[in-house]
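The values are calculated or read from the model by the stated rules, or taken from the named source; none is laboratory data. Quick caveat: nothing in here was measured; it's all calculated off a predicted structure. So basically every Cβ, Gly included, is an ideal-geometry build from the backbone, and we count neighbours across all protein chains shown. Areas reflect the complete protein model, heavy atoms only, side chains present, ligands, DNA and RNA absent. Shrake-Rupley method; radii C 1.70, N 1.55, O 1.52, S 1.80 Å.
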Amino acid sequence: MKQLTRTLSWSVCNLEELSEQDLKLVNAAKQATSGSWSPYSKFKVGAALLLDDGTIVTGSNQENAAYPSGLCAERTALFSAGHMYPGKAVTALAIAARNDNGYTAQPITPCGACRQVLAETETRGGRPIRYILYGTQGTMIIDGGTDAILPFCFGADSMK
Ligand code: THU
């Protein structure tokens, strides 16, 4: 039997420690929460994508009375970027979320379905995506690309 192990590392920063580019993306994600349509969960999520030419594309969660018809902030932004800027690689994603009490203390991470879309977006772009996840008690930065948050991922290569 062969035992294999993998490790994951990330950093937690104060806003003052973020680079100008990362802070800009976090602010765009916070701003994007204003576009959320979330009368059911009352949880407003904002996502901001950085493209390889510096363009920022934002999205927010869009809910529906028929619950599964809604979409997360991340996929709203990802599909919008895929449509508006085909061929441009996504290099970073910032996420912020707030409820009636304000922004979450801990960062939120993308749900499983969004991770799956992120994995394919990353493959298409050919560049690792940097994750900048905002929380009032610290912003989490994950640099390992999407494999770090979705190991053993199914993708187009799995069908070969
Ligand atoms: N949501 C997101 O938009 N992104 C996430 O990463 C987690 C959850 C949304 C979906 C739903 O509108 C609300 O948050 C509660 O789950």
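What to note about this one:
- Residue in the range 63-73 that is crowded, with 17+ Cβ neighbours inside 10 Å, part of a helix (DSSP H, G or I) and not β-branched (Val, Ile, Thr) present: yes
- Matching residues in the range 134-145 - criterion: being at pLDDT 95 or above and within 14 Å of Thr109 (Cβ to Cβ): Tyr134, Gly135, Gly138, Thr139, Met140, Ile141, Ile142
- Boolean, Ser80 is surrounded by fewer than 17 Cβ atoms within 10 Å (Cβ to Cβ) and either more than 25 Å from Thr5 (Cα to Cα) or not polar (S, T, N, Q) (or both): yes
- Counted residues, the range 11-40 - those being closer than 26 Å to Glu63 by Cα, open to solvent by less than 100 Å² (accessible area, probe 1.4 Å) and outside any helix (DSSP H, G or I): 3
- Pairs with Cβ under 7 Å, 6+ apart, first in the range 18-35 and under 17 Å from Thr104 (Cβ atoms), second of a type in the set (Phe, Trp, Tyr) and assigned to a helix (DSSP H, G or I): none
- For Leu8: the one exception among (1) in contact with a helix residue (DSSP H, G or I) (Cβ under 9 Å, 6 or more places away or on another chain); (2) surrounded by 11 or more Cβ atoms within 10 Å (Cβ to Cβ): (2)
- Within the range 99-121, restricting attention to residues that are farther than 17 Å from Tyr134 by Cβ and more than 11 Å from the ligand (Cβ to nearest atom), the residue that is surrounded by the fewest Cβ atoms within 10 Å (Cβ to Cβ) is Asp100.
- Pair list, Cβ under 7 Å, 6 or more apart: the range 55-74 residue over 12 Å from Ala29 (Cα atoms), other residue among the β-branched types (Val, Ile, Thr): Gln62/Thr76; Cys72/Val45
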